[in-house]
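Peer 1: First the structure, which I've put down as C-alpha cells, then a few questions once you've had a look.
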Amino acid sequence: MQSKSISKLIMITALAISVCGPAFPALADSGIEPCSNRTLKGDYGFTIEGILGIPGAQLPPSLGLTIRGLAMAHYDGRGNFTQVDHIVVAFAPPAEDWTPGTGTYTVNPDCTGTAVIHSGDNPPLALHFVIVKEGKEIRQVVDENAVTAIGEKVED
C-alpha cells in the first residue's frame, strides 16, 4: 500500500511540473525579474546632447540649435521623479545655474518606458527610455527633437 502512495505522489508531482513548469517565463529561471517602476529608484546622473529643431521651421537638423547638458534625477520607485539640470543651448549658458524639474514615469515589464518632465515655464517634455545594465543605466530621447540622454545610477 505504501508503494501505491509513493507512485501516486510521483505521478502527481510529474503532472504538476509538466503543467506548471512552462507557465513560468525564462526570466524566472534566470533569477532576473521584469522591470517595473520600482526598477528606477535612487539618483541618476545624466549627460544630455543633441540638436533642438526650430519650432514650425522645415529645416534640416544641421540647422538646429546644439544642446549639451547635465542633469541629476531622483526616482522614487513609484513613478515620480525630481531633477535639476544645466542645459547649454547654442553655446549660451542657462539663465538659472541649475533648473529644477519634476515629472512622472512609467516602466514597462520589458524595461522600456515613458516619462514627462515639467520644468519652470517651459512646456512639458515627453520622453521615451530604455533601462539597461539591470537598472544601472537609462537611455532616453526627447520625443519632439533629436536630444538624447544617458543616465548612470549614482552608487551609494
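The values are calculated or read from the model by the stated rules, or taken from the named source; none is laboratory data. Remember, predicted model here, so these are calculated numbers, not experimental data. Backbone-built Cβ (ideal geometry, glycine too); neighbour counts: all protein chains shown.
Peer 1: Please name all residue pairs, on different chains or six or more residues apart, with Cβ atoms under 6 Å, provided the first residue is in the stretch 134-156 and is in contact (Cβ under 8 Å) with a residue 60 or more places away in the chain and the second residue is in a loop (DSSP other than H, G, I, E, B).
Peer 2: Close Cβ pairs satisfying both conditions: ASN145/GLY53; LYS153/LYS136.
Peer 1: Right, next: Restricting attention to the stretch 43-70, which residues are at pLDDT 95 or above, out of contact with any His (no Cβ under 7 Å at 6 or more places or on another chain) and not β-branched (Val, Ile, Thr)?
Peer 2: Hits for the stretch 43-70 are TYR44, GLY45, PHE46, GLU49, ARG68.
Peer 1: If I filter the stretch 99-122 down to residues being under 14 Å from VAL84 (Cα atoms) and in contact with a Phe, Trp or Tyr (Cβ under 9 Å, 6 or more places away or on another chain), which single residue comes out as surrounded by the fewest Cβ atoms within 10 Å (Cβ to Cβ)?
Peer 2: THR102
Peer 1: Here's something else I'd like to know. Determine whether the stretch 23-42 contains at least one residue that is in a loop (DSSP other than H, G, I, E, B), in contact with a Gly (Cβ under 7 Å, 6 or more places away or on another chain) and either among the acidic types (Asp, Glu) or modelled with pLDDT under 95 (or both).
Peer 2: Within the stretch 23-42, the subset in a loop (DSSP other than H, G, I, E, B) is 24-25, 31-36, 40.
Add one more test, that the residue is in contact with a Gly (Cβ under 7 Å, 6 or more places away or on another chain), and what stays is 40.
When the remaining residues are screened for being either among the acidic types (Asp, Glu) or modelled with pLDDT under 95 (or both), the result is none.
Looking through the stretch 23-42, none of the residues is in a loop (DSSP other than H, G, I, E, B), in contact with a Gly (Cβ under 7 Å, 6 or more places away or on another chain) and either among the acidic types (Asp, Glu) or modelled with pLDDT under 95 (or both).
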